[in-house]
1. I need the strands (runs of 3 or more DSSP E) fully contained in the range 177-235, keeping only those with at least 1 residues that are under 23 Å from Leu49 (Cβ atoms).
2. Give the number of residues within the range 235-277 that are open to solvent by less than 10 Å² (accessible area, probe 1.4 Å) and touching a Ser or Thr at 6+ places or on another chain (Cβ under 6 Å).
3. Out of (1) among the polar types (S, T, N, Q); (2) within 30 Å of Ser250 (Cα to Cα); (3) open to solvent by less than 30 Å² (accessible area, probe 1.4 Å), what's the single condition that is false for Asn129?
4. Are any residues in the range 278-308 under 30 Å from Cys137 (Cα atoms) and crowded, with 18+ Cβ neighbours inside 10 Å, and if so, which ones?
5. Restricting to the range 143-174, give me the number of residues that are within 20 Å of Asn31 (Cα to Cα) and part of a strand (DSSP E or B).
6. Here are some conditions: (1) under 26 Å from Ile47 (Cα atoms); (2) under 21 Å from the mean Cα position of the chain (by Cα). Ile123 meets all but one. Which one does it not meet?
7. If you go through the range 1-47 one residue at a time, how many are closer than 22 Å to Asn110 by Cβ, assigned to a helix (DSSP H, G or I) and hydrophobic (A, V, I, L, M, F, W, C)?
8. Does Gly141 fit the bill of being open to solvent by less than 40 Å² (accessible area, probe 1.4 Å), at pLDDT 95 or above and either within 16 Å of the ligand (Cβ to nearest atom) or of a type outside the set (D, E, K, R) (or both)?
Amino acid sequence: MNPFQYRRAADIAGAIQAITPGCKFLAGGTNLIDLMKNGVEKPSALIDLNRVALAAIEPLPGGGLRLGAMARNSDTANHPAVRQQYPLLSQAILSGASPQLRNLATNGGNLLQRTRCPYFMDIGFPQCNKRAPGTGCGAIGGLHRTHAIFGASDQCIAVHPSDMCVALAALEATIRVGSRSGERQIPIADFHRLPGSTPEIDTNLQPDELILSIDLPPSPYAGHSQYLKVRDRASYEFALVSVAAALEFSGGSIRSARIVLGGVAHKPWRATTAEQVLAGKVPATALFEAAGEEAVAGAKPYRQNAFKVNLARRAVARALAEAGGVA
Ligand code: SF4
């Protein structure tokens, strides 16, 4: 592990003032410390946020819920307001990692967790544009069974590993960040990036910004939502494909829908045209299968992960059926 400075922040202002080039914030450390031990991350300094008062989960004026950036994933998933108003989010968080990791991992850290592409995680592999820009992509010509089928580039085909973020995308959360210039809100859809020609940059968070909270608008989807995660083993595994599905009903018809896929792209992948297939229709198995077809239109699999297209199609149909109560 490289030498680094350690700074403990007492409050938000102190944390922001402590930012220097090459530093990283330390929250739960469940991803960052592993990457530092592996030599993937080499921050010049760690700014410890664990004494900063950013863990509150509280109602927003006018409706909705604010999730503090330092609230632990377990506390968020088990909070009564989250369970009642945003069960999709609770379900997604509880499908990830292990109880021990969720007890330590924070909401802000979950947003910023990095890909588990094996070529990125192991510095023994020389080719990885994300870890070492300009070196190539080991996965494209190598092992890529778990990699992207949407939004990839010839520079990187990695996927974002978070379950929480898939649900946040379906709930249209916004990320509140602070810097020496003040605060700004970033819609979750604009927070994570596609790899393009700069796969080393995961998000649109700026180096001088600190995540303060995740803000959830009021949701009409609490009664009809489902997070479905398909993976190689039943627990402690990342998604091959996941689906956050949510339906709003008006009478017997679907008024609006949200469909977001995880494990298939460098960011949570919203299937907007598939959502439109459902609007105004009466829920039925054939309708949900049609939405699944639409959700995978435009998928571009690689040699080893073509199975993900069919998996995603079927997972969308099943998640919608479970959300709509016709499974
Ligand atoms: Fe690196 Fe991305 Fe290629 Fe994986 S897919 S080896 S993270 S450039």
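The values are calculated or read from the model by the stated rules, or taken from the named source; none is laboratory data. Values in this document were obtained by computation on a predicted structure and should not be read as measured data. So basically every Cβ, Gly included, is an ideal-geometry build from the backbone, and we count neighbours across all protein chains shown. Remember, those area values only see protein heavy atoms, side chains included, never the ligands or the DNA or RNA. Shrake-Rupley method; radii C 1.70, N 1.55, O 1.52, S 1.80 Å.
1. Hits in the range 177-235: 182-187, 210-216.
2. 3
3. All conditions are met except number (2).
4. Correct list: Glu294, Ala295, Val296, Ala299, Pro301, Asn305, Lys308.
5. 0
6. With (1) under 26 Å from Ile47 (Cα atoms); (2) under 21 Å from the mean Cα position of the chain (by Cα) applied to Ile123, the lone miss is (2).
7. Summing the residues that are closer than 22 Å to Asn110 by Cβ, assigned to a helix (DSSP H, G or I) and hydrophobic (A, V, I, L, M, F, W, C) in the range 1-47 gives 7.
8. In short, no.
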